[in-house]
Structures are given as C-alpha cells and as structure tokens.
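Read-outs: derived from the displayed coordinates by stated rules, not from any lab. Being a predicted model, the structure only gives us computed values, none of them experimental. Note that each Cβ is placed from the backbone with ideal geometry, even for glycine, and that neighbours are counted across all protein chains shown.
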Amino acid sequence: MTDAELQAILEYCEKATGEPWEYSGMIGDPGKLLRHFVQGPRDQIVLLSEAFAVDYAGLDNNLRFAANARTDLPAVIRELQEARAENADLKRSEKGYVERIKTVERQNREARKRLGKAIASCYFSDGYRVHCAHCGQLAARNVGPSAIIHENWCDVVSIRAFLEADDEVNR
Ligand SMILES: [Zn+2]
C-alpha cells in the first residue's frame, strides 16, 4: 500500500464524526424489529440499523466493528506512517555511515602509504654508513638501511609494526 493510499484512508476516517464511537447493542426483542445504535461523542447517533432478526449475531458484530474501526483504523494508520518515516530515516543514515566508512578507509590507505614512504626515507648517509635519522643507529658498512638495528623506542619500529598489523587486518 502506498503512502498516498494510507493518507487517503486516514482522511476519510477523519471526515467521519469524531471518535470515540460506542455501540449501544440491540434494542428490542429478538424475533421482532431490532434497532442498533452506534453513538458518537455527546450521544450523537452516527449509525442506526433497523432489522428483523434474520442475522442478529452478524449485525451485532458488524456494528461493533464499525464503532471500533473509528478509533482503531486511524491509530493503526498513524503507527504505520510513523514506522515508515522512521525506516526512511534509518535508511538515510545507514547510507551516510557507509559513505563515511568508505571515506575513512580511503584516508587510512593514503595515510599508510605516506607512513611507509616516510619510514623508507628517514635515513641519511655520512658517506660511509647509513644512519637512521630518527634514532641514529647505524648500518654496518656497505649495507642498506634494512640492516639497521633500531633503538626500541624508535618510531620506525612501531610504525613498521603498525603497518604490518594493519596489513593483517586488511588482508
Ligand atoms: Zn631508528
């Protein structure tokens, strides 16, 4: 059922005499002319049925249904409208979160690349040996920076560990 169809039902409910409606029950004797009333606010009669008791139980049920529907049907429609609105909000925010996660993941990949580049270039050579620019540890002669044994506190060590752990997670 579309939103417009729901709204149309709510509108014809609201055009009827205001709620609550009360069913008065049968007036008269079974086997003779029976009257049934549905009363609106201030004892206004909103439905009147007069019938010989061909199907007393059926008529009784129908009028009870009509009386209750005046309150229950609009209430159910409003509940459904609220649930649909809430659902639409949730879908919108879910879309927003998915976009946000994609952005953060992209930023994370970029930051990891930059970190990798930064630790790959934080060495300098004094002409003989390669030094870590951060902790100052030296490589042996004629070997590259990967041979340096860094100080424990050196950021190169923790950044490498971070990048490796992050690779595990992203694998
Ligand atoms: Zn170092």
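In the neighborhood of Ala67, defined by Cβ-to-Cβ distances under 12 Å, what is the net charge if each Lys or Arg adds +1 and each Asp or Glu adds -1? In short, -2. Length gained on full extension, Glu86 to Asp43, computed as 0.36 nm times the residue gap minus the Cα-Cα distance: 11.6 nm. Search the structure for amide H atoms under 5 Å from the amide H of Val46, placed 1.01 Å from N in the peptide plane, and list their residues when 5 or more places away or on another chain. Under 5 Å from the amide H of Val46: Val38, Gln39, Gly40. In order along region 113-121, the Karplus-derived 3J(HN,Hα) couplings, from 6.51 cos²θ - 1.76 cosθ + 1.60 at θ = phi - 60°, round to 4, 5, 4, x, 5, 4, 6, 6, 10 Hz, and Gly and Pro are given as x.
Straight-line cross-link partners of Lys113 among the lysines, defined as a Cα under 18 Å from its Cα and at least 8 positions apart when in the same chain: Lys102. For the pair Ser93 and Trp153, label points projected 7 Å from Cα toward Cβ lie 4.5 nm apart. Placing +1 on each Lys and Arg Cβ and -1 on each Asp and Glu Cβ, with no other charges, gives the chain a dipole about its Cα centre of roughly 1260 debye.
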